[in-house]
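Q: Would you mind keeping the following structure in view while I ask a few things?
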Amino acid sequence: MKVTVNARHMEATDAIRQYVENKVAKLPRLYDSVQSVEVILGHEKEKSTVEIVVAAKRKHTFVATHRDDNMYASVDQCLDKIEQQIRRFKDKVRDRQ
């Protein structure tokens, strides 16, 4: 799995990069077809913005964004949204079969 952390309008510290990589490393446990994860960190008008794009096999993509005062809270909320999307997708596939 390839993890890319980009920053817009700010400098991403090593601590936030490490935090994101550790959190994102848990995604293949939910869905083993995850190929790449792109995390875009931003800062606009005293709010932290996090966007996570997960690309999986068979052209499935999962996208989540969140804005909050705290960057770490934004990352956690985005990952929760991604996990919900993956669970719903897996349930839909399982029910179809």
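The values are calculated or read from the model by the stated rules, or taken from the named source; none is laboratory data. Not measured: the values here are computed from a predicted model. Counting neighbours? That spans all protein chains shown, and the Cβs are built from the backbone with ideal geometry, glycine included. Surface accessibility is based on the protein's heavy atoms, side chains included, excluding ligands, DNA and RNA. Shrake-Rupley method; radii C 1.70, N 1.55, O 1.52, S 1.80 Å.
Q: Mind listing whichever residues of the range 1-17 are within 19 Å of residue 82 (Cα to Cα) and assigned to a helix (DSSP H, G or I)?
A: Step one: filter the range 1-17 for residues within 19 Å of residue 82 (Cα to Cα), giving 1-6, 16-17.
Hits for the range 1-17 are 16, 17.
Q: The conditions are (1) in a strand (DSSP E or B); (2) in contact (Cβ under 8 Å) with a residue 24 or more places away in the chain; (3) under 18 Å from residue 87 (Cα atoms), and residue 58 fails exactly one of them. Which is it?
A: Against the list (1) in a strand (DSSP E or B); (2) in contact (Cβ under 8 Å) with a residue 24 or more places away in the chain; (3) under 18 Å from residue 87 (Cα atoms), residue 58 comes up short only on (1).
Q: I'd like the full set of residues that are farther than 17 Å from residue 12 by Cβ, within 16 Å of the chain's Cα centre (by Cα) and among the acidic types (Asp, Glu), limited to the range 46-94.
A: Scanning the range 46-94 gives 80, 83.
Q: While we're here: Pairs needed: first member in the range 1-25, under 14 Å from residue 49 (Cβ atoms); second member anywhere, part of a strand (DSSP E or B) and open to solvent by 80 Å² or more (accessible area, probe 1.4 Å); C-beta distance under 6 Å; at least 6 residues apart or different chains.
A: 9/43; 10/43
Q: Please count how many residues of the range 8-35 are small (Gly, Ala, Ser) and open to solvent by less than 40 Å² (accessible area, probe 1.4 Å).
A: Of the range 8-35, the ones small (Gly, Ala, Ser) are 12, 15, 25, 33.
Restricting the remaining residues to those that are open to solvent by less than 40 Å² (accessible area, probe 1.4 Å) gives 12, 33.
The number of residues fulfilling the criteria is 2.
Q: Let me ask you something else. Would you mention how many residues in the range 44-70 are touching a helix residue (DSSP H, G or I) at 6+ places or on another chain (Cβ under 6 Å) and either small (Gly, Ala, Ser) or closer than 16 Å to residue 17 by Cα (or both)?
A: 4
Q: Checking the conditions here, which among 86, 52 is β-branched (Val, Ile, Thr), touching a Leu at 6+ places or on another chain (Cβ under 6 Å) and surrounded by 12 or more Cβ atoms within 10 Å (Cβ to Cβ)? Please lay out each step first, then the result.
A: On the way: 52 fails: touching a Leu at 6+ places or on another chain (Cβ under 6 Å).
Being β-branched (Val, Ile, Thr), touching a Leu at 6+ places or on another chain (Cβ under 6 Å) and surrounded by 12 or more Cβ atoms within 10 Å (Cβ to Cβ) holds for just one of 86, 52, which is 86.
Q: Which ones in the range 61-72 are under 21 Å from residue 44 (Cβ atoms) and either open to solvent by 30 Å² or more (accessible area, probe 1.4 Å) or at pLDDT 95 or above (or both)?
A: If the condition is that a residue be under 21 Å from residue 44 (Cβ atoms) and either open to solvent by 30 Å² or more (accessible area, probe 1.4 Å) or at pLDDT 95 or above (or both), then 63, 64, 65, 66, 67, 68, 69, 70, 72 are the ones that fit.
Q: So, one more: For the range 73-83, which residues satisfy the criterion of being open to solvent by 70 Å² or more (accessible area, probe 1.4 Å) and in contact with a Ser or Thr (Cβ under 9 Å, 6 or more places away or on another chain)?
A: Here is the first cut: in the range 73-83, the ones open to solvent by 70 Å² or more (accessible area, probe 1.4 Å) are 77, 80-81.
Once the filter is applied, which keeps residues that are open to solvent by 70 Å² or more (accessible area, probe 1.4 Å) and in contact with a Ser or Thr (Cβ under 9 Å, 6 or more places away or on another chain), the range 73-83 yields only 81.
Q: List every residue pair whose Cβ atoms lie under 7 Å apart, where the two residues are 6 or more positions apart in sequence or sit on different chains, the first residue falls within the range 71-97 and is closer than 18 Å to residue 7 by Cβ, and the second residue, located anywhere, is of a type in the set (Ser, Thr, Tyr) and assigned to a helix (DSSP H, G or I).
A: Final answer for the pair search is 72/19; 75/19.
Q: Looking only at residues that are hydrophobic (A, V, I, L, M, F, W, C) and modelled with pLDDT under 95 in the range 25-54, which one is farthest from residue 85 (Cα to Cα)?
A: Within the range 25-54, the match that is farthest from residue 85 (Cα to Cα) is 25.
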